[in-house]
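As structure tokens, the structure follows; a few thoughts come after it.
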Amino acid sequence: MTSLAAIGAVVLSCAQGTPLDGSWELTRIFRSGPSAGSRAVPIDSTVYIRLSLDSHTGGWFTGALYRRYVGQPERTRLSGGPLRGTGRWILGADFDHPVSMQAKTAAWLVGDTLRLGTPFVPDADSLEFRRVRGDAPYPPTVLEVVTRP
């Protein structure tokens, strides 16, 4: 009976997915610069990203990255999985702009915020995302936070 309960718990945890399931929207871009500050940047003047992620058995996931690079739309497939024992995940994508490249980055949750390292946005130090409905309208701006090196 105990082994059936353990199997049921594993099946239930797989069915519930990971905390990354759903749509995520870029809210802040962190960069280094000569003077600290923050400003709202129109999304057509920078890279804007929305992620949609679905988990699979074993903690692996697939999804899509919807991106506008200086106003040009791009949809890229995402894939990834857990970085064992770290509480973090690795995300991989194939981009077409500004040049064709494969990119991988670490992702981790801080409360209800998803953080990513680089290189999904050129020259960014890290990115911050919030959960949104998949059909939510895109905001007109994203917050750029500049920190001194």
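The values are calculated or read from the model by the stated rules, or taken from the named source; none is laboratory data. None of these values were measured; they are calculated from a predicted model. So basically every Cβ, Gly included, is an ideal-geometry build from the backbone, and we count neighbours across all protein chains shown. Note: areas computed on protein heavy atoms with side chains; ligands, DNA, RNA excluded. Shrake-Rupley method; radii C 1.70, N 1.55, O 1.52, S 1.80 Å.
The table below lists the values:
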{"quantity": "Amide H within-cut-off set for D125, under 5 Å, with H built and near neighbours excluded", "calculated": "F30, R31, S32"}
{"quantity": "Portion, in percent, of the accessible area of segment 24-149 that falls on carbon or sulfur, probe 1.4 Å", "calculated": "52"}
{"quantity": "Positive minus negative residues near Y138 (Lys, Arg vs Asp, Glu; Cβ under 9 Å)", "calculated": "+1"}
{"quantity": "Which of L114, S23, G37, positive extreme of dipole for the chain (C-beta unit charges)", "calculated": "G37"}
{"quantity": "Using θ = phi - 60° and Karplus 6.51 cos²θ - 1.76 cosθ + 1.60, couplings along segment 65-79 (whole Hz; Gly, Pro as x)", "calculated": "10, 9, 9, 10, 9, 6, x, 8, x, 8, 10, 10, 6, 10, 8"}
{"quantity": "Rounded accessible area of I43 (nearest 10 Å², 1.4 Å probe)", "calculated": "10"}
{"quantity": "Exposed-site-free run, longest, the chain (rule: trypsin sites (Lys or Arg not before Pro); DSSP loop; at most 10 other C-beta within 10 Å)", "calculated": "1-83"}
{"quantity": "Kirkwood Rh and Cα Rg combined as Rg/Rh, segment 23-100", "calculated": "1.03"}
{"quantity": "Loop GluC sites (Glu not before Pro), segment 41-149, which have at most 12 other Cβ atoms in a 10 Å radius of their Cβ (DSSP)", "calculated": "none"}
{"quantity": "Accessible area expressed per residue, segment 31-115, with surrounding protein chains retained (probe 1.4 Å, Å²)", "calculated": "56"}
{"quantity": "Test item: Cα-centred dipole of segment 99-149, Lys/Arg +1 and Asp/Glu -1 on Cβ, debye", "calculated": "140"}
{"quantity": "Globularity ratio of the chain, using Cα Rg and 2.2 N^0.38 Å", "calculated": "1.15"}
{"quantity": "Cα shape, segment 85-149, gyration tensor, a/c 1.5 rule", "calculated": "rounded"}
{"quantity": "Pair L83, T57: separation of 7 Å Cα→Cβ label points (nm)", "calculated": "2.7"}
{"quantity": "Dipole magnitude (debye, nearest 20) for the chain, charges at Cβ of Lys, Arg, Asp, Glu", "calculated": "220"}
{"quantity": "Acute angle (nearest 10 degrees) that the helix 2-16 long axis makes with the longest principal axis of the chain, alpha-carbon atoms", "calculated": "30"}
